[in-house]
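Note sheet for the following structure.
The values are calculated or read from the model by the stated rules, or taken from the named source; none is laboratory data. Just so it is clear, the model here is predicted, and its values are computed rather than measured. Every residue, glycine among them, receives a Cβ derived from its backbone with ideal geometry; neighbour counts consider all protein chains shown. Only protein heavy atoms, including side chains, enter the accessible area calculation; ligands, DNA and RNA are left aside. Shrake-Rupley method; radii C 1.70, N 1.55, O 1.52, S 1.80 Å.
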Amino acid sequence: MVDRSFGDAFLAELYDALNPWGPGDDFYLDLVMSADSVLDVGCGTGRLLRRARQAGHSGRLTGLDPAAAMLVQGRRGTREVEWVLGDLRCTAWREEFDLVVMTGHAFQELLGDEDVRLSLTAVRESLRPDGEFVFDTRNPGARAWESWTPERIHEVRGPDGDVVRVWHEALTPVRGERVAFTETFDGPRWDVPQVSRSTIRFLGVDTLDRFLGEAGLVVGQRYGDWGRGPFTGASPEIISVVRRTG
C-alpha cells in the first residue's frame with residue numbers, strides 16, 4: 001500500500017519542497033550521468049532523472065514508482081523519461097541497465113524478508129553483467145528516529161501559495177528493525193491536520209550483505225556519508241555500491 005504522503009496528489013506536489021536537493025542528490029547525479037541506461041527504483045517525483053536529462057543525459061532513463069501521484073509530477077517535468085507505475089515485483093527487465101539506483105532511503109520501505117529477496121533478485125536480473133546497483137539506508141546505529149519529534153517543524157509553501165507545516169513523530173516502542181512513525185501536515189487547506197502513518201525497516205550491514213549474497217550480489221564499495229567517507233558504526237548512512245557476482 002502506498003503511504004498517503006506519496007499517494008495524495010496535493011502532498012505529492014509538496015514533496016520536492018519538503019526534500020530540497022542536497023549532497024545525496026549530487027552523489028547520485030554523478031553516477032547517473034556516467035551511465036548509458038539507468039533505472040531509478042522508487043523514483044518519486046523523478047527529480048533525479050529530470051535533472052539528469054536537463055544536464056544533457058542522452059541515454060535511457062527509466063523511473064519506477066508505485067505512487068501514481070508522484071509519477072504525475074515526473075511527467076509534468078519531462079516526457080523524455082520512461083515513467084513506469086509499479087514496483088520490482090511486477091517488472092521483467094533482463095540485463096537492460098548499466099545502473100540501478102534506490103535513492104532517498106527507498107530501500108527501507110521493503111519491510112518483509114521476502115520483499116527484500118524479490119526486489120534484490122529483480123535488481124540483479126535487470127543489471128547488465130558489468131552494471132552497478134547503488135542504494136542507501138539509514139544506519140540503525142545512528143538511531144535517526146530519536147530526532148523525529150513534533151517540536152521539529154518544517155514549513156513549506158504549497159502550490160496554492162499557502163504555508164504548510166509538517167512534522168514527524170516516531171512511535172514507541174521501536175519494534176526490532178522496524179520503526180513506525182507519523183507525518184503530519186497542517187495548513188489552511190484542511191480543517192484538521194492530515195496524518196500519514198508509515199513504517200520503515202533499519203537493516204545493519206551484516207543483514208544487508210546476507211540478503212545481497214543470497215541474490216547474487218556483492219558490495220564493491222560502501223560509504224558512510226555523501227562525501228564518500230568510510231562507513232563506521234556511527235555513520236549516518238549505509239551507502240552501498242553493488243555488483244553482480246560470478
Hey, does the stretch 88-97 have a residue that's more than 19 Å from Leu110 (Cα to Cα), open to solvent by 20 Å² or more (accessible area, probe 1.4 Å) and within 18 Å of the chain's Cα centre (by Cα)? no
Kindly indicate the residue of the stretch 13-48 that is more than 20 Å from Gln73 (Cα to Cα) and among the hydroxyl-bearing types (Ser, Thr, Tyr) and also least open to solvent (accessible area, probe 1.4 Å) among those meeting that condition. Ser37
Tell me, yes or no, whether the stretch 143-157 has at least one residue that is at pLDDT 95 or above, in contact with a helix residue (DSSP H, G or I) (Cβ under 8 Å, 6 or more places away or on another chain) and within 19 Å of Gly7 (Cβ to Cβ). no
Restricting attention to the stretch 120-135, report how many residues are buried (at least 19 other Cβ atoms within 10 Å of the Cβ) and either out of contact with any helix residue (DSSP H, G or I) (no Cβ under 8 Å at 6 or more places or on another chain) or touching a residue at least 60 places away in the same chain (Cβ under 8 Å) (or both). 10
Please enumerate the residues belonging to the stretch 131-164 that are more than 20 Å from the chain's Cα centre (by Cα), of a type in the set (Val, Ile, Thr) and not in a loop (DSSP other than H, G, I, E, B). Ile153, Val156, Val163, Val164
Odd one out for Arg189, checked against (1) part of a strand (DSSP E or B); (2) within 23 Å of Gly7 (Cα to Cα); (3) touching a residue at least 60 places away in the same chain (Cβ under 8 Å): (1)
For the list (1) open to solvent by less than 30 Å² (accessible area, probe 1.4 Å); (2) in a strand (DSSP E or B), I need the number of the one condition that Trp167 fails. (1)
Would you say Trp21 is touching a residue at least 24 places away in the same chain (Cβ under 8 Å) and within 15 Å of the chain's Cα centre (by Cα)? yes
If a residue must be β-branched (Val, Ile, Thr) and either surrounded by fewer than 17 Cβ atoms within 10 Å (Cβ to Cβ) or touching a Cys at 6+ places or on another chain (Cβ under 9 Å) (or both), how many such residues does the stretch 220-244 contain? 2
Provide a single number: the residues in the stretch 136-159 that are within 22 Å of Arg201 (Cβ to Cβ) and surrounded by 12 or more Cβ atoms within 10 Å (Cβ to Cβ). 12
Within the stretch 76-120, take every residue that is of a type in the set (Lys, Arg) and at pLDDT 95 or above and give me the one that is nearest to Leu212 (Cα to Cα). Arg117
So, in the stretch 70-87, exactly how many residues are touching a Ser or Thr at 6+ places or on another chain (Cβ under 9 Å) and open to solvent by less than 50 Å² (accessible area, probe 1.4 Å)? 9
Being under 20 Å from the mean Cα position of the chain (by Cα), crowded, with 16+ Cβ neighbours inside 10 Å and touching a residue at least 40 places away in the same chain (Cβ under 8 Å) is the filter here; which residues of the stretch 192-214 pass it? Ser196, Ser198, Ile200, Arg201, Phe202, Leu203, Leu208, Phe211, Leu212
Which of the following residues is in contact with a Gly (Cβ under 6 Å, 6 or more places away or on another chain) and under 29 Å from Gln73 (Cβ atoms): Asp136, Asp162, Asp186, Asp191? Asp162
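Residue by residue through the stretch 171-180, note down the ones that are surrounded by fewer than 17 Cβ atoms within 10 Å (Cβ to Cβ) and either part of a strand (DSSP E or B) or of a type in the set (Ser, Thr, Tyr) (or both).
Thr172, Arg175, Arg178, Ala180
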